[in-house]
Amino acid sequence: MSPAPQSHTAPSNSGRTGLPEVPGIQGELWIFTQDHRRLGWMYAILIGLGMVIGTLLALGLSLQSLAGRGAGLASEDYRRLFTVHGLAMVFAVALPALGGTLGNWLLPRRLCVEEMAWPRLNLLAFHLLVASWLLFLVAFLVTPPDAGWNFELTLSLRPGSAVAWSMLGAICAVTSVAISGANAAATLVKSRQGGAPWSEVPFLGWALAVAGVMQALAAPWLVISLAMLFAQKNGASDVLSAGALTPPDVRLDAWFWMWAQPALAGTLLAAVGVVGDVFESRGDGRNEPGPASLASVLALLAVAVTSFASAGVHTAGRGGAPGLDAASSAMALCMGIPLAVFVTQWMLALGRGPVTVSASLCFAIASAVSLVSGAMATAFLAALPTGEHLANTSFAPAAGHVLAVGGVLGALFAGGYGTWSSWFGGLSREGTGRFAGILLLAGTLLCFVPPCVRGFLGDPRRVVDLAEGRALLSWTSVTGAGLIVSALSLAAWGLLAPLLDARASLDGGERR
């Protein structure tokens, strides 16, 4: 292995701003552009803003655990802080991050097409994401919601609980992701219309297309569940009133997770696709990955089918049908088989030739380790004996955060550094990026392993005060949160600083 070369000189075709030139649309306003490259840049800016807000809120939540019994935020304020963090990170960052940025930057290139299949819908998806941000902002300014990012029924229906604006924001964000996902699948189909064989499609193309279809098919379930909640809250329906078969909160939870399980699984598949793309190029963004293997494509399809089937069986099981919980648990545990296929493919890809130790590869390794670790943790939640004990403890959100922070954000920066390399000929601070990738993995494990341990010990989720004797675990988690913030800051600086240097050099040359 050899370190990636470090370069700070912008190539001659990068334009005055240091960004890649977009022929023919120089006079077009970016907010109305249909060019997928410019849309990718705008997605990156919006998601970067959400990342800043979400990570600062997460650091604040971690610090609350050290405030001592009775000295932290009031319970209601803590719920609001937790809700704002969850809405920002799930709907504004995790769900649209990979499809919006890398989907627009890398997918057309990997599929050898000039544009996404539906450029106007691509623009509409971005505008819907902007609308969701505005709706969330209105919700936070009017009365910050405190019902959690999953809109818990008992908290949402309380008098004075302001969740309507948040629900509209969530619907806009999920609709945006669904449109982007359908566009990715349509782009894959369009790329084959000229007679090109399906066997030549790279793994990233399959992963983003399958993930997009999952998110598009799952979106109506969220709209239905939030529409029921909105109608119930405003007295237009009593569908969520207590019934003879199922408690109302269980019924809403089942409908909500009919969306959440496939949608979040699709996001993780997109991360798997980006990691596989980096490993196929062996850390050098200028190497074009080869076609996907049949085994990896079948593994993607298996995850998609199993996610929907497991969510459906789980929903039916919440009604009290015997044996369905066991079937749902078995399906969830079976997802370890596709994961083993992905890991095998990654190892084979890295063994095909010389590997460049680039920042992109370091972030891809951090993402891969986080995805595997998070999947192993969720296996404890899926298994019936341990799942019942861990479901309402701090273990469950911690396992999800390992997947979202280390897995999704690691993949986002892995693809970002790889794109920088191919666009700008190495215009990035590779040393900073490599260090940030290692720091992200260390921070993810230090931040979220302690809550997993606390969950095994019985600590509930979303509490201000912790049980006695948890100080060391709390300090470790706060240290990890600080490392994550540092890693994300360094990763962004490693990409943006050379562009600012190039712009300053151009301006200085003009003045001379």
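Numbers for the structure displayed
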item: Test: G482 is surrounded by 23 or more Cβ atoms within 10 Å (Cβ to Cβ), modelled with pLDDT of 80 or more and among the small types (G, A, S); result: no
item: Scope the stretch 71-128; condition acidic (D, E), part of a helix (DSSP H, G or I) and touching a residue at least 24 places away in the same chain (Cβ under 8 Å); matching residues; result: E76
item: Check on V343, in contact with a strand residue (DSSP E or B) (Cβ under 6 Å, 6 or more places away or on another chain) and surrounded by fewer than 18 Cβ atoms within 10 Å (Cβ to Cβ); result: no
item: Total residues in the stretch 107-150, condition among the aromatic types (F, W, Y), crowded, with 22+ Cβ neighbours inside 10 Å and closer than 22 Å to S225 by Cβ; result: 1
item: Test: residue in the stretch 316-334 that is touching a strand residue (DSSP E or B) at 6+ places or on another chain (Cβ under 8 Å) and either β-branched (V, I, T) or modelled with pLDDT under 90 (or both); result: no
item: Pair list, Cβ under 8 Å, 6 or more apart: the stretch 280-300 residue at positive phi, other residue of a type in the set (K, R) and part of a loop (DSSP other than H, G, I, E, B); result: R282/R352
item: Those residues of the stretch 418-439 which are in a helix (DSSP H, G or I), at pLDDT below 80 and over 23 Å from the mean Cα position of the chain (by Cα), in sequence order; result: S422, W423, F424
item: Of residues in the stretch 346-380 being aromatic (F, W, Y) and more than 17 Å from S296 (Cα to Cα), the one surrounded by the fewest Cβ atoms within 10 Å (Cβ to Cβ); result: F380
item: Flag for V449 being at pLDDT 90 or above and either surrounded by 18 or more Cβ atoms within 10 Å (Cβ to Cβ) or of a type in the set (V, I, T) (or both); result: yes
item: Exclusive hit being in a helix (DSSP H, G or I) and modelled with pLDDT of 90 or more, set S180, S199; result: S180
item: Residue check for T154: in contact (Cβ under 8 Å) with a residue 12 or more places away in the chain, within 20 Å of M228 (Cα to Cα) and surrounded by fewer than 17 Cβ atoms within 10 Å (Cβ to Cβ); result: yes
item: In the stretch 192-212, the residues that are buried (at least 21 other Cβ atoms within 10 Å of the Cβ) and not aromatic (F, W, Y); result: P202, L204, G205, A207, L208, A209, V210, A211, G212
item: Lone qualifier among A185, A219, A209 - being touching a Leu at 6+ places or on another chain (Cβ under 8 Å), at pLDDT 85 or above, at negative phi and assigned to a helix (DSSP H, G or I); result: A209
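The values are calculated or read from the model by the stated rules, or taken from the named source; none is laboratory data. Just so we're clear, the structure is a prediction, and the values are computed from it rather than from any experiment. Neighbour counts are summed over all protein chains in view; Cβ atoms, including those assigned to glycine, are modelled from backbone coordinates with ideal geometry.
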